Amino acid sequence: MSDICVAHLIRKKNGTEPFQIFLESYLKHSAGINHDLLILYKGFNRKADIAPYAELLKGIPHSLLTITDFGYDLRSYFIAAKRYNSKYFCFLNSFSIILDRDWLFKLYQHINQPGVGLIGATGSWESMAFMKKGKYPINKRLVHFVKKKWQTIYFDPFPNHHIRTNSFMIARTTMLRIQRGGILTKMQAYCLESGKNRITEQVEWMGLKSVVVGKDGKGYDKNEWDISNTFRHGTQDNLLISDNQTRAFDAASPEKKRKLELSAWGSND
């Protein structure tokens, strides 16, 4: 068994296409370091349902774990960390696409550093409790006033630093110390990723820092994430692992990109 486990989540409801795209990227870009591949089959009740994916994986060393389609992605990751004993886990969601060679080594060389507890391909300062005054029409601010009011109970104000959990790397010992609850609702998943008791914040309570790693192999501390060119900024040309949100940004209109960038990083005004 390797020290590193790459755990990729497949959801039955998504069909084979996202996995085919991920697998092509995985085979195209060498990880740069030895690892075990673990496929997390979420929502697969019959062996026959797994067969098309097993065919795609033919000849590729891997293990598999079937998980009920219950709760959200993070729940599956905690189950995997509990059942497998690898020293480090790199979790990749269903829509992850690897963009560069030595991608895993680039992540590993930072998670292996003293004082580092969490590595992500992307991070954000966005807060669900944040709405920039003067940037939205008055009617929209009024509509969202009550919603934003109660969201301040669960989410810190902007800047709300958090590693995005579409692709992240963490030591198993750190992962198992995270207080997580049931992760049964979408709001619980949001809270664990970016709420007041978020994974990033809990890692900091352990005396460890969270770092975003780009295609350039450089580690960016939380106050540098906005200039890392990995998420909702410029051409995102330093992005190491993409997901549906980063691709949506690439495809967005200039006006939409500006709004997304504002929500992630605020205004420089």
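The values are calculated or read from the model by the stated rules, or taken from the named source; none is laboratory data. Being a predicted model, the structure only gives us computed values, none of them experimental. Positions of Cβ are backbone-derived with ideal geometry, glycine not excepted, and every protein chain shown enters the neighbour counts. We work out accessible area using only protein heavy atoms, side chains counted, and drop any ligands, DNA or RNA first. Shrake-Rupley method; radii C 1.70, N 1.55, O 1.52, S 1.80 Å.
Structure notes:
- Assigned charges on the beta-carbon of Lys, Arg, Asp, Glu; segment 1-138 dipole about Cα centre (debye): 420 debye
- Summed residue charge, Cβ within 10 Å of L240's Cβ, Lys/Arg positive, Asp/Glu negative: -1
- Sequence-distant aspartates and glutamates (8 or more away, or on other chains) whose Cα lies within less than 19 Å of K106: D3, D36, D216, D221, E224, D237, D243
- Per-residue ³J(HN,Hα) for segment 165-178, Karplus 6.51 cos²θ - 1.76 cosθ + 1.60, θ = phi - 60°, Hz, x for Gly and Pro: 8, 5, 8, 8, 10, 7, 6, 4, 4, 5, 4, 6, 8, 5
- With the whole protein complex present, I227 retains an accessible surface near 110 Å², based on a 1.4 Å probe.
- Normalised by residue number, the volume inside the convex hull of the Cα atoms of segment 11-54 is 75 Å³ per residue.
- Charge-dipole axis of the chain as Lys and Arg at +1 and Asp and Glu at -1 on Cβ define it, positive-most pick from F70, G117, I4: F70
- Positive-pole candidate from N229, G43, L99, dipole of the chain, charges at beta carbon: G43
- Near the amide H of T66, within less than 5 Å, lie the amide hydrogens of Y41, all on another chain or at least 5 residues away, with H placed in the peptide plane.
- Remark: the Cα gyration tensor places segment 168-269 in the prolate category, a/c being 1.5 or greater and a/b exceeding b/c.
- For segment 1-20 and segment 164-223, distance of Cα centres in Å: 20 Å
- Cut-off under 5 Å, modelled amide H: who pairs with F168 long-range: F91
- Selected from A31, M175, L239, residue furthest toward positive end of dipole (the chain; charges at beta carbon): M175
- Surface composition of the chain: carbon and sulfur make up 51 percent of the accessible area, probe 1.4 Å.
- Counting only the Cα atoms, the chain fills a convex hull of 133 Å³ per residue.
- Taken per residue, the accessible surface of the chain reaches 49 Å², heavy atoms only and a 1.4 Å probe.
- Cut-off under 5 Å, modelled amide H: who pairs with M128 long-range: none
- For segment 23-110, the square roots of the Cα gyration tensor eigenvalues, ordered a ≥ b ≥ c, give a/c of at least 1.5 with a/b no greater than b/c, which places it in the oblate category.
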